[in-house]
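The values are calculated or read from the model by the stated rules, or taken from the named source; none is laboratory data. What you see is a predicted model, and the numbers here were worked out from it, not measured in a lab. Using ideal geometry, Cβ is built from the backbone for each residue, glycine included, and neighbour counts are taken over all protein chains shown.
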């Protein structure tokens, strides 16, 4: 199982949190909320495609909407393999940050 890039991890976490409402606009908004950074749609959809090719995401289309000019929303879901990749990322971060808390950054290391 390949390690997730930071952007892939952020995208996957946004989808995880959004559950059944994980489509482009909501994912973009959730990424800005949890990651503090805004990404262009082309960057996000390239990442969705990469994660789908890796087998970490599936996608399905919603019903056409008159509000969207007849276009259908593309919804994303995390696969079993994707959950495994996220669990590996969580374990890796936990090992890296073990023993460090916010107080650690206020200590003088000079």
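Among the residues of region 40-79, those identified as at pLDDT 95 or above, assigned to a loop (DSSP other than H, G, I, E, B) and touching a strand residue (DSSP E or B) at 6+ places or on another chain (Cβ under 8 Å) are 56, 79. For residue 77, the conditions (1) over 17 Å from the mean Cα position of the chain (by Cα); (2) within 16 Å of residue 24 (Cα to Cα) all hold with the exception of (1). The numbered conditions (1) over 17 Å from residue 4 (Cα atoms); (2) in contact (Cβ under 8 Å) with a residue 40 or more places away in the chain; (3) surrounded by 12 or more Cβ atoms within 10 Å (Cβ to Cβ) are all true for residue 20 except (3). Kindly evaluate residue 109 against the criterion of being closer than 17 Å to residue 23 by Cβ and either free of Cβ contacts under 8 Å to residues at least 24 places away in the same chain or out of contact with any strand residue (DSSP E or B) (no Cβ under 6 Å at 6 or more places or on another chain) (or both). So residue 109 does not fit the description; no. Checking each residue in region 28-54 for being over 16 Å from residue 82 (Cα atoms), buried (at least 16 other Cβ atoms within 10 Å of the Cβ) and within 11 Å of the chain's Cα centre (by Cα) picks out 28, 30, 31, 35, 44. Listed by first and then second residue, the pairs linking a residue in region 23-51 that is more than 16 Å from residue 5 (Cα to Cα) to a residue that is in a loop (DSSP other than H, G, I, E, B), with Cβ atoms under 6 Å apart and 6 or more places separating them unless they lie on different chains, are 32/38. Within region 90-108, not a single residue is surrounded by 15 or more Cβ atoms within 10 Å (Cβ to Cβ) and at pLDDT 95 or above.
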